[in-house]
Each structure stands twice: as structure tokens, then as C-alpha cells.
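See structure below.
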Amino acid sequence: MGLSIGDTAPDFEAETTEGRISFHDWIGDAWTVLFSHPKDFTPVCTTELGYMAKIKPEFDRRGVRVIGLSVDPVDRHGEWAKDIEETQGHAPNYPIISDADFNVSKLYGMLPASTSGDPLERTPADNQTVRNVFVIGPDKKVKLILVYPMTTGRNFDEVLRVIDSLQLTANHRVSTPAQWRSGDDVIISGSVSNDEAREIFGEWDEPRPYIRIVPQPGVKIPL
Ligand code: BEZ
């Protein structure tokens, strides 16, 4: 069985570009984004790591820690970081895990348990399934898993949008509709009775009895 939403994010120890970490200790009580890469010096991933560095302040202001991963030794990550800075205008400003022994990729269901050998002898295509985004909550549970093909660069604005929804819905009994962005109206959770809803929200619009719409409670975070 692979990893699912609601599972505890597997703990591990690993070398990173900012030293050795024990993952759960590193998370602490923060929200965390772990995004993975099949190999260093790959073109799409180079753009992704640079873009993530550029918008990292947006993750910071939401209290979200960011960590990358690539299936290569840590000294190669250092060389790749120079290329990322020169070509994308932003050097990684977050740690990048060296998953040269495939341990994290296997724990997170991105590579088969049978994977072994010298990571330098593997091609990017061999590791192409290592292109995920995991959002992990302060409770260490997996909240979101996005899986990307090697030919499509990730949309980190969407990751921020989902984090805004996750953080809102962790604190208020609401859900967010299609295309929602922070500040838009939200839907009262189905588990809230009308009597409770009157106490919590006062009034709501109701195009159907099961769609109860209210203004977003809490803090609005314009992108
Ligand atoms: C990339 O361009 O980042 C890439 C290439 C091949 C496999 C995976 C990623």
C-alpha cells in the first residue's frame, strides 16, 4: 500500500544540503512541504527549485517549512544549486535531502522497495516517479499528495492555495469550493447542523439545502 492522505508521514534520518536531519524533529510543530526530484541537473526540476526559492517568503508567512529531495549525493546538490542560481536567478533557500540510498523515496512510495544500486548509474527516467509534493500538517499527518509526470513543471501557486484551504479548514468548520482562493466565500461543513450553523455563522445563502455558503471566516491571505 502506498502513502495516503491521513497517514503519518514516515520519519527518517537523511543528509541534506543544510546538514543531517531527523525529519519529524525538523518538522517540529510546523506545516511542511516536501517536494521530490528524480535526479540533479534535470531541466524541469531546475526551474521548479528556482521558482520555489523565489516564492519561499509566501510559505514563510503561512508558517510552512519547505524541504526538497533529489536522488543524488549531497555534493552534487551543491553543484546543482549553483546552476539553479545562475539560470533561475534564485538559489535554493531551503534544505535539499540527498536520497542517494533511495530510503525516503521508498518510504514515501515513490520508488519500489526493490530499488538498489548506485544512484549515479540511474537515469532521470529510471527515477521519474520521484516527482511528488507532500503537504504534512503539524500533527505529522499527510494532508496532500500531488504526483507529477517528468514533462510537466509543478504549479507552486496551487500548493499555496491548498495550504490556505487546509489551514482555514483546520480551524473553522468549513470547506472550500472549486477554484477557491483566500478571501472567497466558503461552504459550511456537512457535519454542522443548521442549529449549530446559526450559532457559528448567523446567516448563509443556500442554493440547495446541502450547499450553505458563507463569507470566509478567519484571516484572508491575498497572494
Ligand atoms: C526534468 O526535466 O526535470 C526531468 C527529466 C527527466 C525525468 C524527470 C525529470
> Does Asn93 qualify as being out of contact with any Cys (no Cβ under 6 Å at 6 or more places or on another chain), within 21 Å of Thr129 (Cα to Cα) and surrounded by fewer than 20 Cβ atoms within 10 Å (Cβ to Cβ)?
Replying inline: no
>> Looking only at strands (runs of 3 or more DSSP E) that lie completely in the stretch 5-68, which have at least 2 residues being charged (D, E, K, R)?
In response: 13-16
> For His77, are the conditions met, namely being within 12 Å of the ligand (Cβ to nearest atom), modelled with pLDDT of 95 or more and either crowded, with 19+ Cβ neighbours inside 10 Å or closer than 21 Å to Tyr108 by Cα (or both)?
Replying inline: no
> Which of the residues belonging to the stretch 109-126 are within 15 Å of the ligand (Cβ to nearest atom) and in contact with a Lys or Arg (Cβ under 6 Å, 6 or more places away or on another chain)?
Replying inline: Pro124
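Would you list the strands (runs of 3 or more DSSP E) that sit entirely within the stretch 95-212 and hold 2 or more residues that are not assigned by TED's automatic domain parsing to the domain that holds Ala81?
Once the strands (runs of 3 or more DSSP E) in the stretch 95-212 are filtered for at least 2 residues that are not assigned by TED's automatic domain parsing to the domain that holds Ala81, what remains is 186-188, 205-208.
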>> For Ile145, only one of the following conditions fails: (1) modelled with pLDDT of 95 or more; (2) surrounded by fewer than 16 Cβ atoms within 10 Å (Cβ to Cβ); (3) on the phi < 0 side of the Ramachandran plot. What is its number?
In response: (2)
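When you scan the stretch 136-152, how many residues do you find that are within 16 Å of the ligand (Cβ to nearest atom), in contact (Cβ under 8 Å) with a residue 60 or more places away in the chain and farther than 15 Å from Ala125 by Cα?
Of the residues in that region, 0 qualify.
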>> Which pairs turn up if I take residues in the stretch 94-109 that are within 22 Å of Ala81 (Cβ to Cβ) and look for partners that are aliphatic (A, V, I, L, M) and part of a helix (DSSP H, G or I) with beta carbon separation below 7 Å, at least 6 apart in sequence or on another chain?
In response: Ile97/Val104; Ser98/Val74
>> If I filter the stretch 36-74 down to residues being away from the ligand (no atom under 16 Å from the Cβ) and of a type in the set (D, E, K, R), which single residue comes out as surrounded by the fewest Cβ atoms within 10 Å (Cβ to Cβ)?
In response: Arg61
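The values are calculated or read from the model by the stated rules, or taken from the named source; none is laboratory data. From a predicted model like this one, the values you see are computed outputs, not experimental measurements. A quick note on method: Cβ atoms are made from the backbone with ideal geometry, for glycine too, and the neighbour counts reach across all protein chains shown.
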